[in-house]
Structure formats: structure tokens, C-alpha cells
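To keep things clear, I will list the structure first and then write my remarks on it.
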Amino acid sequence: MNLRQLEVFHAVMRAGTVTGAARLLGVTQPSVSTVLKHCEAQLRIPLFRRIGGRLQPTPEAEAILPDIEAIFARLDSVGRQLRDMKGGRSGTLSLAGAFPIANGYLAAAVASFIAERPGVRVVLQALASSELLDRVVSREIELGVGLEPIVHPEVETEVLVTSGVACVMREDHPFAAQKDVAIRQLDGMPIITFLPRAPLRGYVDRALSEAGIVPRITVQVSMSMTGMALALHGAGIALVEPFLLNTFPLPGLVARRLQPGIEMKTLLIRARSAPRSAIMGHFVAHLRQEVPRLLGP
């Protein structure tokens, strides 16, 4: 039996008449009769007896019905799954973010996204910038979220949000009472910031140099979280991205904007030639909506 014959057989079993089956399938009565006749001739088994204008299933028809119903149940399941995927209610998200992003607002956005879509499964990785780019290029992940600069011929980027390096300090620090911290106020202060090889270190050094400050950098770190921990323990003021602090508050710490600001862009990173899944499109739209709320003014 081919799929069309299975479809007609299933409809006749449900409706009990050729007319009813034709109505269920949206076709003419003669076409149903023809398919049914050819099916029985091909199988050399009678499937129905005509009694009083209705079709009475033979024992052979009753015997194969459970298996055929299982086939159509699977087809219905596939249809529901495809509809859910189209509507962003199921599928798999493969994501990665730079450490402070993945552990901050990206994790928060994933949590709120799957709360409304229990059929969605997610793989979320926190990676260094170089690893993040490599995973996107190799298509191990569909979407990366990282800090500029990202330059590679095999990827395309778009800006997710523009933010800045902040001063993270203990809440009892004298500068904590200010809304902003002028860069010139950092002259002579113990500074915690990134290692020289970190992409954002160049931004920090340039801003301090333009302000005419020779910084007293007491600790250099590879991760923002480490800088925040040092600030919490009184090692100085951490000049880091405040993403993690925005979405995962650490009691005893505050972040204050720098003036003039050290601006940076967060980028969405995709492989240039890779197809884009429908579920990822829905997630990116959700992420764009959530970021302003999560990061605040």
C-alpha cells in the first residue's frame, strides 16, 4: 500500500462510507472508489464489504488498522512538531557567549525564552573570544554573542547593544555615592583591569592615556568576574564590563559609569553561509527585547 492508499483506507475506516471519506479528504467520491478498488486488487485481499450503503471492514482490514492508525499518529506528530518549530515553540538552540555575557544577560534571556516554550532545548556555552569565533566558523554553534572587535571572512556580525566599561567597586567606596566617575578621578587609585592580551584592555589604556593618567594598575585579570571579586575584597576599583553585575547582583558591589565613557559594542556572530533556523530567529528577537530590560538605563 502506498501513502495515498493508506490515506484513503484510513479515511474510509473513520467515515464508514465512500462519500464520508471523500468529504474528509476533500476529493471526489469516484476518486476514493478508484483508489480503494486498485488497492484491493493490488493486495488481492478484500478490505470492505458493501452492506446497506455502508462499507463493512473485513477481518483483514481490522487487523491492519492499528498499524495504519499508528502511521497517521506519527504523521500528525511530525506536523505538530513542524508547526511548533515554525512558531518558535520547539527546536534546539546552539549558543555561546563571551564569559560575562553567557553568565549574565544571555543566560537570563535563555531562561525567559524557554519558560514560554517547554519544547525548546538549549546548548549554551561560555567561551573566550577566540574560542567563540572558532566555534561559529566551524558551525559547532549557530549563534555567538561576543564583544568587538570580531573580524573574520567567514562570519557576519550585527550589533546587539552598545554599552561601556564601568567602575565596579565596594558599596562603601567614596566613589559609590556618585552617579558617574570621571576618568581623571582614577589618577593614583588602585586599578584592577584586564590582561594586556584581552581585547578590552586596549580600550581601557586608550581612555586613561587620553585623560592624561598614568594608571596604578595593581591587578590584571583574564575575566571580569575575577576583577569584581577582587574589588569586593578591597583590592581596588575594577574597570570591567558590568554585564554580570547587571543580571547577577553581588551584594556589596556597585557599578558606576565612567565619564567620558569607554564604549564597546556587543555583537551577534553567525557563520556567513550557514542556514538560519526559525527557532534562532525567534530567540534573537526575544534577546533584543530583553537586553534593554536586563541591562537597565
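The values are calculated or read from the model by the stated rules, or taken from the named source; none is laboratory data. Source: prediction; values computed, not measured. Note that we place each Cβ from the backbone using ideal geometry, even for glycine, and neighbour counts take in every protein chain shown. For the accessible areas, the whole protein counts, side chains as well, though only heavy atoms, and no ligand, DNA or RNA atoms are used. Shrake-Rupley method; radii C 1.70, N 1.55, O 1.52, S 1.80 Å.
Things worth noting here:
- Selection status of residue 56, in contact with a helix residue (DSSP H, G or I) (Cβ under 6 Å, 6 or more places away or on another chain), farther than 14 Å from residue 5 by Cβ and surrounded by 10 or more Cβ atoms within 10 Å (Cβ to Cβ): no
- Filter result for the condition that a residue is touching a residue at least 12 places away in the same chain (Cβ under 8 Å), over 22 Å from residue 99 (Cα atoms) and open to solvent by 30 Å² or more (accessible area, probe 1.4 Å), over 212, 296: 212
- Residue, nearest to the chain's Cα centre (by Cα), within the stretch 184-201, restricted to residues that are exposed (fewer than 13 other Cβ atoms within 10 Å of the Cβ) and under 21 Å from residue 254 (Cα atoms): 184
- All positions within the stretch 1-31 that are open to solvent by 20 Å² or more (accessible area, probe 1.4 Å), touching a residue at least 12 places away in the same chain (Cβ under 8 Å) and touching a Leu at 6+ places or on another chain (Cβ under 9 Å): 1, 7, 10, 13, 17, 18
- Residue count for the stretch 99-108, restricted to those that are in contact with a helix residue (DSSP H, G or I) (Cβ under 7 Å, 6 or more places away or on another chain) and surrounded by 24 or more Cβ atoms within 10 Å (Cβ to Cβ): 4
- Checklist (1) among the β-branched types (Val, Ile, Thr); (2) modelled with pLDDT of 80 or more; (3) out of contact with any helix residue (DSSP H, G or I) (no Cβ under 8 Å at 6 or more places or on another chain) applied to residue 78, failing item: (2)
- Selection of the stretch 179-207 for residues being among the hydrophobic types (A, V, I, L, M, F, W, C) and within 14 Å of residue 240 (Cβ to Cβ) yields 181, 186, 191, 192, 194, 195, 198, 200, 204, 207.
- Flag if residue 96 is over 19 Å from residue 295 (Cβ atoms), open to solvent by less than 40 Å² (accessible area, probe 1.4 Å) and of a type outside the set (D, E, K, R): yes
- Some residue of the stretch 168-183 being basic (Lys, Arg) and either farther than 14 Å from residue 255 by Cα or open to solvent by less than 10 Å² (accessible area, probe 1.4 Å) (or both): no
- Taking each residue of the stretch 234-259 that is without any contact (Cβ under 8 Å) to a residue 24 or more places away in the chain and looking for partners that are not in a strand (DSSP E or B) with beta-carbon atoms closer than 8 Å, six or more apart or interchain, yields 250/228; 250/232.
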